[in-house]
1. Say we look at region 66-101 and pick out the residues that are loosely packed, with under 10 Cβ neighbours inside 10 Å and modelled with pLDDT under 70; which of these is farthest from R33 (Cα to Cα)?
2. Going by the structure shown, is V12 within 27 Å of L92 (Cα to Cα) and over 9 Å from the mean Cα position of the chain (by Cα)?
3. Just the residues that are closer than 20 Å to L67 by Cα and surrounded by 15 or more Cβ atoms within 10 Å (Cβ to Cβ), please, taken from region 7-25.
4. Taking the residues in region 40-65 that are open to solvent by 70 Å² or more (accessible area, probe 1.4 Å) and free of Cβ contacts under 8 Å to residues at least 24 places away in the same chain as candidates, determine which candidate is farthest from G81 (Cα to Cα).
5. Just to verify a result, which residue in region 8-18, among those that are in contact with a helix residue (DSSP H, G or I) (Cβ under 7 Å, 6 or more places away or on another chain) and farther than 11 Å from E56 by Cβ, is modelled with the lowest pLDDT?
Amino acid sequence: MWHRENILTADVRAAFNLTEGQVRSIVMAMRKRVGIFTTKVGGDLRYNAREVSVVEFVRTRMNENYLLDDACDLAVLTHYGKDENDVIKQYLLSELQRIEGVE
């Protein structure tokens, strides 16, 4: 799974024993932090290896009694830490696009 360019949600669910709802919760929480997290192709979410490792990281932390938000904040620091300014910029740009799209 790790060597493929696009990894499907079904693969992530099976690999980490997660439900569809758990995966969606993690994806939505990470999108709030990094803006673009997974792409949708033909109705399916497709992940790259870094995104899959983030999902695994968050799931593991949640199993250790971290709250989803705390686990996602920690994931941003560990997986995107050196690019934190770029992550924040990307997030703000995506929020501006979302707001402009609503108006």
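The values are calculated or read from the model by the stated rules, or taken from the named source; none is laboratory data. Predicted model, so just to flag it, every value in this text is computed and none were measured. All Cβ positions, glycine included, derive from the backbone under ideal geometry; neighbour counts span all protein chains shown. Just so you know, the surface numbers come from the protein's heavy atoms only, side chains and all, with ligands and any DNA or RNA stripped out. Shrake-Rupley method; radii C 1.70, N 1.55, O 1.52, S 1.80 Å.
1. K82
2. Spelling it out, it is not the case that V12 is within 27 Å of L92 (Cα to Cα) and over 9 Å from the mean Cα position of the chain (by Cα).
3. Once the filter is applied, which keeps residues that are closer than 20 Å to L67 by Cα and surrounded by 15 or more Cβ atoms within 10 Å (Cβ to Cβ), region 7-25 yields R13, F16, L18, Q22, V23, S25.
4. Only one residue tops the list, namely G42.
5. Filtering first and then ranking leaves T9.
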